[in-house]
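Trainee: One structure is given below, represented as structure tokens, and several questions about it will come after.
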Amino acid sequence: MNALLPHGLDRLRPLLARAAVLLDFDGTLAPIVPRPEDARPIPGAAEVLAGLAARARAVAIVTGRPAAQVRALLPVAGLRVVGLYGFEGHPPLPPEVLAAVEAVAAAEPGARVEPKGPSVAVHVRTADDPDGAQRRLRRALEPVAAAHGLVVRAGKRVWELVPAGVGSKAGAVAALIDELRPAAVLYAGDDVADLEAFGALGRAERSGLVAVRVAVHGPETPAALEEAADAVVNGPEGLLDLLRGL
């Protein structure tokens, strides 16, 4: 693993009271598990986040999960949670969309459908053939999405159908930066969507914001994310060690 560039933390620490610490959840604060509902933050996560929330401009989780799920797992005073990448509150998907997605997923033994209100995810981690299922499901889900004004987004062993034009990690991060006007931002994540969030930091950085991008390494972390990061840490435990250093 690459250590965090010393000047990155050195530039961030003096600005912490005016800094935003933005974090993914699954694979970043909680280990990846076969069933998403079984995910739990690693020991010490709540305490570290509580300490940061008391000292930083803001600490926020930006997640594809509903915000209520993360708040239940991390009941930390002052912690903000942006659920569904910012499109919570949109109308739920109609039953016919869920039925169509269920029918597609049923063709892949072990694939699991997770309705999220305005979006729906199809998980293949427990499928009999995860790699093949992910390829085949993309082709099968695209027509369903197109017929209902949705787009198909990729994640680790998951496809998610979301409303077109809303709810990206880049958009959620950019909205937080616009709202908070921090002097510095640290963002940490481990998945494809986190690369988009890195891009949002890059755009803000050109306006003078101090940005630190952290990739959380795991068996499925995209190589492109690690290459774009200022630092790579080893799993959620490595991230907590880094955050304790703030």
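Trainee: Just name the residue that is modelled with the lowest pLDDT out of those in region 148-162 that are open to solvent by 40 Å² or more (accessible area, probe 1.4 Å), out of contact with any Pro (no Cβ under 7 Å at 6 or more places or on another chain) and not aliphatic (A, V, I, L, M).
Mentor: Among them, the one singled out is ARG153.
Trainee: So, in region 68-122, exactly how many residues are open to solvent by less than 40 Å² (accessible area, probe 1.4 Å), touching an Asp or Glu at 6+ places or on another chain (Cβ under 6 Å) and without any contact (Cβ under 8 Å) to a residue 24 or more places away in the chain?
Mentor: 2
Trainee: Take the residues in region 55-67 that are surrounded by fewer than 19 Cβ atoms within 10 Å (Cβ to Cβ) and either within 15 Å of the chain's Cα centre (by Cα) or at pLDDT below 95 (or both); name whichever of them is farthest from LEU16 (Cα to Cα).
Mentor: Checked region 55-67; the qualifying residue farthest from LEU16 (Cα to Cα) is PRO66.
Trainee: Please note which strands (runs of 3 or more DSSP E) are completely contained in region 23-129 and include at least 1 residues that are closer than 29 Å to ASP178 by Cα. Give the derivation first.
Mentor: Working: elements: 58-62, 79-82, 112-115, 120-123.
Those strands (runs of 3 or more DSSP E) span 58-62, 79-82, 120-123.
Trainee: Another question, if that's okay. Given the conditions (1) closer than 14 Å to VAL82 by Cβ; (2) touching a strand residue (DSSP E or B) at 6+ places or on another chain (Cβ under 8 Å); (3) at pLDDT 95 or above, which single one is not true for GLU179?
Mentor: For GLU179, the failing item is (2).
Trainee: Oh, and also: Starting from region 218-243, take each residue that is free of Cβ contacts under 8 Å to residues at least 40 places away in the same chain and list its partners that are basic (Lys, Arg), counting only C-beta distances under 7 angstrom and pairs at least six apart or across chains.
Mentor: ALA228/ARG213
Trainee: Return the total of residues in region 22-54 being over 17 Å from GLU237 (Cβ atoms) and either crowded, with 16+ Cβ neighbours inside 10 Å or under 14 Å from the mean Cα position of the chain (by Cα) (or both).
Mentor: Total meeting the criteria: 4.
The values are calculated or read from the model by the stated rules, or taken from the named source; none is laboratory data. This structure is a prediction, so every number in the text was calculated from the model and none was measured. In this analysis, Cβ positions are derived from the backbone assuming ideal geometry, glycine residues included, and neighbour counts consider all displayed protein chains. Keep in mind that these areas ignore ligands, DNA and RNA; they rest on the heavy atoms of the full protein, side chains included. Shrake-Rupley method; radii C 1.70, N 1.55, O 1.52, S 1.80 Å.
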